[in-house]
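*Asks:* After the structure tokens below, expect a handful of questions from me.
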Amino acid sequence: MMKGHEALMDDHTSSNEELDEKSQELEELKNTFIALVSHELRTPLNLMAGYLDLSMDEIENDPKQAKKYLDIVGANTNEMMRVVQELTDFTLLQRGRELTHLNPISIEDAFLQSYNLLKPNLMKKNINLGVEIPDEVRKQRFDGESLIILFRNLLSNAAKFSSEGGKVLIIGKTEEKKLSLAVHDWANPIPENKSETIFEDFRQLENYLTRRYEGMGLGLAVARRTARFLGGNLELTVRKDGNTFEIMLPIKEAE
């Protein structure tokens, strides 16, 4: 009887330790979230406030200089919109939102909409974007919001980490009842021990205080979760000369 009682006590202690660990993880996640949001919003807000004041001072004396200041305000406005969009996507998926497919659009339409949103990011770094998507892939239709989330996050990721004058190549293909969209970049190869970590919420390769790149570490996590909601997946293949993020989706039979 005593041995059984001791076993129960051990199980109870183990359960408490697991709960404590999960509680600590949640607390760390909450603190990371607060720190990231503060970090991501504080910088563009401070810049916007400062350059708005400068532009107001110069708007009559030096209109050209005032326009330069306003361009900076516009760029930081876009940065804040990106942060809000990342948080919106993450929140919807975190709630376990089911995709209703009430607004299916083609791969081609979703890609063009996403490209138009991210064209300034690509042009700013003079990135050469190549697209090799055959007609049988272009015409495939999925939930529009989900496709745009996928393209937006993967193109944004490629633009962020590619070097000035770099290239990004998107190749689409079909095989049996599956569709593949591979986004190839020629950025620094992701370390092997980080190949899955980057798909976790709020994860980046660098600490949020010291990193060189903007972002909350949600883009790839949201993209993979979205691909899985569509019945597929998002996988990473690290090459010697870069990285390949491949979206795989099931092809639906025509109704």
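The values are calculated or read from the model by the stated rules, or taken from the named source; none is laboratory data. Keep in mind that what you see is a predicted model, and the values were worked out from it rather than measured. Don't worry about glycine lacking a Cβ; one is built from the backbone with ideal geometry, like all the others, and counts go over all protein chains shown.
*Asks:* State whether one or more residues within segment 229-248 are of a type in the set (D, E, K, R) and modelled with pLDDT under 90.
*Replies:* At the first step, the residues of segment 229-248 found to be of a type in the set (D, E, K, R) are 235, 239-241, 246.
Now restrict to residues that are modelled with pLDDT under 90: none.
Within segment 229-248 (the criterion being of a type in the set (D, E, K, R) and modelled with pLDDT under 90), the answer is no, since none of the residues qualifies.
*Asks:* Please find, within segment 124-164, the residue that is surrounded by the most Cβ atoms within 10 Å (Cβ to Cβ) out of those that are closer than 20 Å to Ile105 by Cβ and of a type in the set (D, E, K, R). It would help to see each step written out before you state the result.
*Replies:* First, the residues of segment 124-164 that are closer than 20 Å to Ile105 by Cβ: 131, 133-156.
Filter again for of a type in the set (D, E, K, R), leaving 135-136, 138-139, 141, 143, 145, 152.
Values: Asp135: 9, Glu136: 13, Arg138: 14, Lys139: 11, Arg141: 16, Asp143: 19, Glu145: 19, Arg152: 23.
Residue satisfying both the conditions and the ranking: Arg152.
*Asks:* If you don't mind, there's one more thing I want to ask. Within the set of pairs 6 or more residues apart or between chains, which connect a residue that is touching a residue at least 24 places away in the same chain (Cβ under 8 Å) inside segment 183-199 to a residue that is assigned to a loop (DSSP other than H, G, I, E, B) with Cβ atoms less than 6 Å apart?
*Replies:* Qualifying pairs under 6 Å: Asp185/Ser162; Trp186/Gly166; Trp186/Asp241; Ala187/Ser162.
*Asks:* Taking segment 157-168, which residues are in contact (Cβ under 8 Å) with a residue 40 or more places away in the chain and of a type outside the set (Gly, Ala, Ser)?
*Replies:* Asn157, Lys160, Phe161, Lys167, Val168
*Asks:* How many residues are among the hydroxyl-bearing types (Ser, Thr, Tyr) and in contact with a Leu (Cβ under 6 Å, 6 or more places away or on another chain) if we restrict to segment 218-255? Let's see the steps before the verdict.
*Replies:* Step one: of segment 218-255, the residues among the hydroxyl-bearing types (Ser, Thr, Tyr) are 226, 237, 244.
Filter once more, so that each one left must be in contact with a Leu (Cβ under 6 Å, 6 or more places away or on another chain): 226.
Number of matching residues: 1.
*Asks:* Which ones in segment 168-189 are more than 24 Å from Gly231 (Cβ to Cβ) and surrounded by fewer than 17 Cβ atoms within 10 Å (Cβ to Cβ)?
*Replies:* Correct list: Asn188, Pro189.
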